[in-house]
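Taking it in order: structure first as structure tokens, then the write-up.
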Amino acid sequence: MSGAPASGARDNDRVMDHAKSAPRDTSALPAGHPLVTGRTTDAPLIQALRARQTATRPVWFMRQAGRSLPEYRRARGTIPMLDACLNPELAAELTLQPVRRHHTDAAILFSDIMVPIALAGVGVTIEAGIGPVVDSPVRTAHDVVRLPHLDPEALAPVVAAVRLAVRELGSTPLIGFAGAPYTLASYLVEGGPSRDQLRTRAMMHADPAAWHALAAWTAAVSAAFLRAQILAGASAVQLFDSWVGGLSRADYRRFVQEHSAAVFGGVADLGVPRVHFGLGTAELLVDMAEAGADAMGVDHRLGLDEANERLCGRYPLQGNIDPALLFAGERALAAHAREVMAAGAQAPAHVVNLGHGVPPDTDPGVLTWLVDLVHAEPPAGG
């Protein structure tokens, strides 16, 4: 029978076509970059994100430099979050602490997705127990036009923090990160955290031109933020889309995908591995992959074996231990972690992580124990 291919067939074709085109050339990086000098080229994390099997599974944790570490609490004290992120020496120290304690296979820069928004000149604070709070929400076309331009020079504290951390990390890669356009735009529209993003979704449909202008602005900010981190020494990057799981596939493709693609495209010439992660995004996984990532993060709601099947076995996967199991005792956590690793072994490569960030009241000893468990497991196919 003739006619258009089924949706699943179109998804498969798009995933395969994109995966074949993923860039690997790092010649545009500075001469002293760890991927150019070879310091991090053979690191398990980098190899896995480039779809190569490794002798041990790499593992790191989202939000690993967080309130679960007593040394973090001592070092940061009462310093406000944004101030801590923009103090290069402190940010570098907080970046390094989890690697020292847990022996993870990567560090992730201590920062916040709202940092480039604040550095652009948008009034924003990060309130304890609440999250980012925007002084003047952006809800009209006029509000969007008034958004300031991000001066690359404003990113100097971030660049300095990356350089300090990379200098100390040696062969351990640093992961840079940014918030995805939808999540950043939703904070700007809502004025703060919102589980439903009602105003954001209403704006998409009520004034698509204003929405696309806003999403293009956040995409440009995120791309500049990622690019600065990479050029300063980050060996991989991750784009976080914390709130996008509330969208339908149709709305994602119509209003969001091109803007996430613009972020990935903004750093594609640098050739570092790019990871895409979102919460509650099982039904968006193929569309998010199509936006341009080299590897996909998966939260704990979808098994990695099923994620691999949806992605046609073309993408390295990252994840996806349920953070709740950190409180379930060693026996339950070990069994769950091994199930996750068995499911992840079906993908081209697997980076072990949580399905979301480390909860602040996690016992740090549990994380160290989990890293040891992951490293002790036989390699996939071994």
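Give, to the nearest whole percent, the P(r) tail of region 24-152 beyond 24 angstrom, counting all Cα pairs.
Of all Cα-Cα pairs in region 24-152, 48 percent lie more than 24 Å apart.
How big is the Rg/Rh ratio for region 189-285, C-alpha atoms only, Rh by Kirkwood, two decimals?
Answer for region 189-285: 0.98.
If I take R0 = 41 Å and measure r between the Cβ atoms of Ala75 and Glu258 in this structure, what FRET efficiency does the formula 1/(1 + (r/R0)^6) give, to the nearest 0.05?
Step by step, r from the Cβ atoms, then E = 0.55.
Are there GluC sites (Glu not before Pro) in region 127-201 that DSSP puts in a loop and that have at most 14 other Cβ atoms within 10 Å, and which ones?
none
Could you put Asp135, Asp151 in order, starting from the residue whose Cβ has the fewest other Cβ atoms within 10 Å?
By the 10 Å Cβ count, ascending: Asp135, Asp151.
Using 17 Å as the cut-off for backbone N distance, which residues of region 165-208 belong to the label zone defined by a point 7 Å from the Cα of Val145 along Cα→Cβ?
Residues passing the 17 Å test: 207-208.
Mind giving me the FRET efficiency for Thr368 and Ile130? R0 is 30 Å, r the Cβ-Cβ distance, nearest 0.05 is fine.
The computed FRET efficiency comes out at 0.50.
Using just the helices of the chain, give the 222 nm mean residue ellipticity in deg cm²/dmol: DSSP H runs with n ≥ 4 each add -39,500 (n - 2.57), and the total is spread over all residues, rounded to 500.
Counting only the DSSP helices, I get -13500 deg cm²/dmol.
At a 10 Å Cβ-Cβ cut-off, how would you order Arg39, Arg163, fewest neighbours first?
The order, fewest Cβ neighbours first, is Arg163, Arg39.
Take the alpha carbon gyration tensor of region 138-204, find the square roots of its eigenvalues, order them as a ≥ b ≥ c, and report rounded if a/c is under 1.5; if not, report prolate when a/b exceeds b/c, else oblate.
Cα axes put region 138-204 in the oblate bin.
Convex hull volume of the Cα atoms in the chain, per residue, in Å³?
Here the figure is 134 Å³ per residue.
Normalising by the residue count of the chain, find the relative contact order in percent from Cα pairs under 8 Å and 6+ residues apart.
It rounds to 22 percent for the chain.
Please give, to one decimal in nm, the separation of the simple spin-label points placed at Asp83 and Arg199, each 7 Å out from Cα toward the Cβ.
The modelled label-to-label distance comes out at 2.7 nm.
Please report the relative contact order for region 254-318, taking Cα pairs under 8 Å with a sequence separation of at least 6, and give it as a percent rounded to a whole number.
31 percent.
Can you work out the PRE-style zone for Glu283? Point 7 Å along Cα to Cβ, and I want the residues of region 234-261 with backbone N under 18 Å.
From region 234-261, the list is 242-257.
Treat every Asp and Glu Cβ in the chain as -1 and every Lys and Arg Cβ as +1, leave all other atoms uncharged, and give the resulting dipole magnitude about the Cα centre to the nearest 20 debye.
It comes to approximately 280 debye.
Could you put Ile46, Ile230 in order, starting from the residue whose Cβ has the fewest other Cβ atoms within 10 Å?
Final ranking by Cβ density, sparse to dense: Ile46, Ile230.
So between Thr56 and Ala332, what do we pick up on full extension, going 0.36 nm a residue minus the alpha carbon distance?
In short, 97.2 nm is gained.
Lys/Arg Cβ at +1, Asp/Glu Cβ at -1, dipole of the chain taken about the Cα centre: which of Val221, Ala328, Thr368 is farthest positive-ward?
Thr368
Read-outs: derived from the displayed coordinates by stated rules, not from any lab. Everything numeric here is computed off the predicted structure, so don't read it as measured data. So basically every Cβ, Gly included, is an ideal-geometry build from the backbone, and we count neighbours across all protein chains shown.
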